[in-house]
Number of protein chains: 2
Amino acid sequence: MRAAVIAVGSELLSTDRLDTNSLRVAALLERYGVELVGKSVAGDDERAVATEIGRRLADAELVVVSGGLGPTADDVTREAVAAALGRPLVEDPEVWRAIERRFASFGRVPTANNRRQAEIIAGARVLPNPRGTAPGQRLELDGGRALILLPGVPVELEGLLAEQVEPWLAARAGGAALEYAVLKTAMRPESEVDRELEPAYAEFGREAITVLAAPGEVRVRLSARGPEPERRARLEAMRARVRALLGRAVFAEQGEATLEGVVGALLAGRGLTVATAESCTGGLLAERLTRVPGSSGWFPGGVVAYANESKVRDLGVPEALLAAHGAVSEPVARALAQGARQRFATSLGVGITGIAGPDGGSPEKPVGTVHVALAGPDERTIHRPYRLPGDRERVRWFAAQAALEMIRRRLLFRTGAEEEA
Amino acid sequence: MRAAVIAVGSELLSTDRLDTNSLRVAALLERYGVELVGKSVAGDDERAVATEIGRRLADAELVVVSGGLGPTADDVTREAVAAALGRPLVEDPEVWRAIERRFASFGRVPTANNRRQAEIIAGARVLPNPRGTAPGQRLELDGGRALILLPGVPVELEGLLAEQVEPWLAARAGGAALEYAVLKTAMRPESEVDRELEPAYAEFGREAITVLAAPGEVRVRLSARGPEPERRARLEAMRARVRALLGRAVFAEQGEATLEGVVGALLAGRGLTVATAESCTGGLLAERLTRVPGSSGWFPGGVVAYANESKVRDLGVPEALLAAHGAVSEPVARALAQGARQRFATSLGVGITGIAGPDGGSPEKPVGTVHVALAGPDERTIHRPYRLPGDRERVRWFAAQAALEMIRRRLLFRTGAEEEA
């Protein structure tokens with residue numbers, strides 16, 4: 001099946017708004033093996049919307065339209081569809097009663113405008129929308145084609161996709177859905193992950209495995225198609241293979257998992273605590289740790305020691321160390337980690353010092369030079385030097401990411417810096 | 001003039017990528033009074049792209065196509081345009097020499113594939129692309145219509161828009177450009193800003209003034225159209241009027257300015273310094289301050305005092321105060337601010353304590369309760385209580401924003417908390 005998506009709304013043609021609803025539709029289509037062949041945006045103009053729908057229906061078996069179902073004069077999708085198909089609009093008394101009930105539940109009465117939202121294209125099936133006023137509509141046309149109208153409000157659209165469109169699509173596609181799994185790694189270059197996955201590409205096919213890179217994080221997305229239980233079994237086989245290939249680098253197998261969340265769960269599970277001493281990251285590591293709800297259970301605090309005086313006074317870094325090696329150095333990173341651990345009386349202490357740029361670099365210590373150290377209860381402090389790419393923001397993000405990954409590996413594998421690669 | 005934008009690329013039909021180039025094109029079109037009537041995305045399919053171009057040219061005087069000009073087999077825009085217009089592709093020897101020179105500058109030799117990038121649609125004008133390999137192309141067609149092809153790489157597209165498309169459009173539109181100005185406020189509700197702007201709406205017209213809200217920040221965008229010098233004069237009159245209406249709330253008059261950047265510049269200009277003591281924001285304020293290049297000149301550091309022990313030990317908050325009022329209270333915020341100032345020997349100290357959620361709220365102190373205090377060199381500590389809306393992330397962002405705005409007002413107007421509204 002081939003599909004096209006049309007978003008209706010003049011605001012989607014402005015300089016600062018994009019149609020994001022099409023991403024939700026695209027995800028659903030992909031899951032059921034429907035090929036998305038085109039997307040378009042039309043303004044609140046009946047003729048333009050009608051033209052767009054007509055030409056998309058000439059080329060695709062499924063056309064999904066979002067938006068333009070509101071009560072105001074510039075909501076023209078219903079009229080445009082009626083014009084494109086040459087069918088009348090008819091008021092559906094049941095939809096009108098539902099609208100009246102919805103308004104009554106807020107202690108209000110619908111206006112005359114709202115009556116338009118009860119108008120249904122002749123022959124359409126109403127898709128009830130419990131989250132809003134305008135229902136969706138589905139038209140099955142000749143030649144096995146279908147046209148689906150959905151409200152443009154994202155939460156309403158998503159609800160209708162899940163409750164109304166997906167079951168219909170599943171029945172039509174014979175349940176041949178696509179299923180996904182995600183594995184995430186931190187601080188691994190995309191190219192290396194890609195190379196390590198080669199045996200999996202050979203075994204499962206290149207198209208079943210997608211590598212997606214974000215700063216300091218590489219996600220591997222696996223997909224399997226076809227009927228159950230084979231689909232699930234294939235996905236699990238892929239997951240096991242990729243896990244084996246990437247090994248310790250995999251920090252999560254859920255798309256929403258964050259590295260700080262994984263670190264927090266590990267600390268909480270083991271009854272351990274961590275404190276931070278940050279220079280170049282300026283509080284970003286502490287900020288990321290405290291994004292995790294419940295972080296007060298394992299993170300008592302940290303020091304942002306931006307100035308050298310603070311490194312000495314607040315974290316006990318010996319002045320001689322600063323004088324001999326400079327603030328951005330392995331010995332200072334180690335002293336910061338130990339200082340944080342001692343000051344906050346935690347199980348672990350992290351120290352970060354580096355040059356985030358744009359200024360402050362030198363030939364020996366260019367922008368991106370960062371030292372991360374982790375002090376632990378066994379009095380062993382591990383350290384790793386980095387040359388991080390990118391601008392100030394990126395260097396800081398990578399540095400915090402490196403520190404989190406160092407904590408994770410220490411907790412899970414008790415590895416030192418030398419084994420971190 | 002009516003325009004349509006087409007983005008070419010199968011990846012733009014995937015579940016996680018959107019065509020953002022069209023926003024840049026839309027901004028340029030808006031500036032010259034060109035109406036954008038539709039946008040579409042087509043995959044890397046010659047027939048689909050040709051169809052899309054053909055039908056858009058039937059409906060708009062200007063069609064801008066981005067993407068599909070690369071060297072690989074799936075870059076089909078050139079062939080699609082040739083097919084849509086029934087014109088041949090011809091290799092441009094000068095473009096090919098430019099490609100060879102570009103590769104030579106990297107010590108490389110172009111491949112046979114790159115030769116395709118020297119192919120020009122017969123009759124097209126070459127738009128040189130100093131940032132990449134593929135040039136843009138512009139075709140002037142009958143009926144005053146025009147077709148412009150641009151590379152899909154954003155930096156290349158933006159360069160060509162500025163250097164090649166804008167001058168052409170300006171000449172064609174008779175220079176009747178739209179010009180913008182932006183004023184930014186922090187911690188003001190959008191609805192209040194909107195209400196305060198009513199005299200400006202009445203004077204300059206509702207459509208000339210747009211209010212855009214982001215968390216803790218409201219931007220007011222002014223636009224003026226028409227020939228110079230009237231346009232610039234009108235813009236300056238609007239700017240002066242809006243500045244007068246919003247008064248002290250305006251923290252910047254440049255779109256890219258950040259509140260932390262403004263605060264940093266004020267501190268640097270006055271030779272003052274600031275230190276932070278953060279509880280619920282967990283380092284976000286320090287992180288934001290240190291996003292500003294050169295922040296080491298006015299920010300020696302801060303403490304993330306997440307646990308009460310740290311508030312007592314590291315910032316000198318009296319235990320009795322915590323016991324009597326709880327950690328989330330005005331007295332503790334004041335003590336934190338003073339403690340930060342003393343520890344780091346700075347001109348100013350900021351203290352933030354609050355309940356970011358999702359847990360920890362109570363009927364008296366619900367999630368979103370935040371106290372911000374600012375200690376200064378005159379021994380006067382100002383304080384402001386907040387009830388901030390939203391989830392954990394949003395409460396933290398607002399709290400840091402509130403602290404920055406408190407610093408800004410203190411530095412500029414010497415106002416206390418009571419005058420901050």
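We did not get these values from a lab; they are worked out from the coordinates using the rules stated. The structure presented is a predicted model; accordingly, all values stated were derived computationally and were not measured. Every residue, glycine among them, receives a Cβ derived from its backbone with ideal geometry; neighbour counts consider all protein chains shown.
A few notes on this one:
- Listed residues B:V37, B:V76, B:V250, most fluctuating in chain B (Gaussian network, C-alpha, under 10 Å): B:V37
- Farthest positive-ward along the protein assembly as shown dipole, Cα basis, beta-carbon charges - from A:V317, B:V274, B:G107: A:V317
- Sparse packing (at most 12 other Cβ atoms within 10 Å of the Cβ) combined with a DSSP loop state is found for the following chymotrypsin sites (Phe, Trp or Tyr not before Pro) in the range A:101-198: A:F106.
- Percent antiparallel among DSSP beta bridges (both partners in the protein assembly as shown, rounded to 5): 65
- The range B:259-419 - share of DSSP beta bridges that are antiparallel (%, nearest 5): 60
- In a simple Cβ point-charge model (Lys, Arg +1; Asp, Glu -1; nothing else charged), the range B:1-63 has a dipole of about 200 debye relative to its Cα centre.
- Inter-copy separations for A:G54, label at 7 Å along Cα-Cβ, nm, ascending: 1.7
- B:V65 long-range amide H proximity, modeled H, under 5 Å: B:I6, B:I148, B:L149, B:L150
- Dipole of chain A computed with +1 at Lys/Arg Cβ and -1 at Asp/Glu Cβ about the Cα centre; of A:V193, A:G144, A:L246, farthest Cα towards the positive end is A:L246.
- Per-residue HN-Hα couplings for the range B:246-261 [Karplus 6.51, -1.76, 1.60; θ = phi - 60°; Hz; x = Gly/Pro]: 8, x, 5, 5, 6, 9, 7, 10, 10, x, 8, 5, 10, 4, 5, x
- For A:I120, residues with placed amide H under 5 Å, excluding near neighbours: A:V90, A:E91, A:D92
- Most mobile of A:L28, A:L18, A:L127 in a GNM of chain A (Cα contacts under 10 Å): A:L18
- Each of the GluC sites (Glu not before Pro) that DSSP puts in a loop and that has at most 16 other Cβ atoms within 10 Å breaks chain B; the longest unbroken stretch is B:1-252.
- Spread of Cα-to-Cα distances over 20 Å intervals beginning at zero, given as percent, for chain A: 22, 36, 31, 10, 0
- Reported to the nearest whole Å, the Cα centre-to-centre distance from the range A:143-213 to the range B:116-161 is 34.
- Relative contact order (%) - chain B, alpha-carbon pairs under 8 angstrom, separation at least six: 10
- Helix A:392-413 axis versus longest C-alpha principal axis of chain A: approximately 80°, rounded to the nearest ten.
- Length-normalised contact order for the range A:12-83 - Cα pairs under 8 Å, 6+ apart - percent: 28
- Mean partner shielding of peptide B:345-352, defined as the number of other chain Cβ atoms within 10 Å of each residue Cβ, is 1.
- Each Cα pair of the protein assembly as shown feeds into the Kirkwood radius, which the Stokes-Einstein equation turns, at 10 °C and 1.306 mPa s, into a diffusion coefficient of 53 µm²/s.
- In chain A, the longest principal axis of the Cα atoms and the axis of helix A:330-344 are about 80 degrees apart.
- Centre-to-centre, using Cα atoms only, the range B:293-307 and the range A:358-421 are separated by 20 Å.
- Largest first and in whole Å, the equivalent-ellipsoid semi-axes of the range A:314-360 read 20, 13, 7, each the square root of five times a Cα gyration tensor eigenvalue.
- To the nearest ten degrees, helix A:93-105 and the longest principal axis of the Cα atoms of chain A are 40 degrees apart.
- Legend: mean number of C-beta atoms from other chains within 10 angstrom of residue C-beta atoms, peptide A:25-36, equals 2.
- Relative contact order for the range A:1-42, counting Cα pairs under 8 Å that sit 6 or more residues apart, in percent: 64
- Among beta bridges that DSSP assigns inside chain A, antiparallel share in %, nearest 5: 60
- With the convex hull constructed from alpha-carbon coordinates only, the range A:121-198 shows a mean projected area of 8.9 nm² over all directions.
- Annotated for the protein assembly as shown: lysine pairs at least 8 residues apart or interchain, Cα distance under 27 Å, count 4.
- Calculated over the range B:2-172: convex hull of Cα atoms, volume per residue (Å³): 111
- Couplings for the range A:149-162, taken from phi via the Karplus curve 6.51 cos²θ - 1.76 cosθ + 1.60 with θ = phi - 60°, read 9, 10, x, x, 5, x, 5, 6, 4, 5, x, 5, 4, 6 Hz in order; Gly and Pro are left as x.
- Think of the protein assembly as shown as having a plus end and a minus end, set by charges on the Cβ of Lys, Arg, Asp and Glu; of B:V34, B:Q338, B:G361, B:Q338 sits farthest toward the positive end of this dipole.
- For A:G107, the shell of other residues with beta-carbons less than 14 Å away shows a net charge of +2, using +1 for Lys and Arg and -1 for Asp and Glu.
- Relative frequency of Cα-Cα separations exceeding 14 Å in the range A:345-421, percent: 59
- Working note: Karplus 6.51/-1.76/1.60 with θ = phi - 60° gives the range A:293-299 the couplings x, x, 5, 4, x, 9, 10 Hz, where Gly and Pro are set to x.
- Dipole magnitude for chain B: computed about the Cα centre from +1 point charges on Lys and Arg Cβ and -1 point charges on Asp and Glu Cβ, it is near 920 debye.
- Residue order, fewest to most surrounding Cβ atoms within 10 angstrom, among A:H325, A:H383: A:H325, A:H383
- Charged side chains reduced to their Cβ positions (Lys and Arg at +1, Asp and Glu at -1) give the protein assembly as shown a dipole of some 1320 debye around its Cα centre.
- Distances in nm from A:A171 to the matching label points in the other copies, shortest first (labels 7 Å along Cα to Cβ): 6.1
- The Stokes-Einstein estimate for the range A:259-419, based on a Kirkwood radius over Cα pairs and taken at 20 °C with 1.002 mPa s viscosity, is a diffusion coefficient of 141 µm²/s.
- Cβ-vector label at 7 Å, B:A73, separations to other copies in nm: 5.5
- Inter-chain shielding of B:39-48 (mean C-beta neighbours from other protein chains, 10 Å cut-off): 4
- Taking every DSSP helix (H) stretch of at least 4 residues in chain B, weighting each as -39,500 (n - 2.57) and dividing the sum by the residue count yields a mean residue ellipticity at 222 nm of -11500 deg cm²/dmol.
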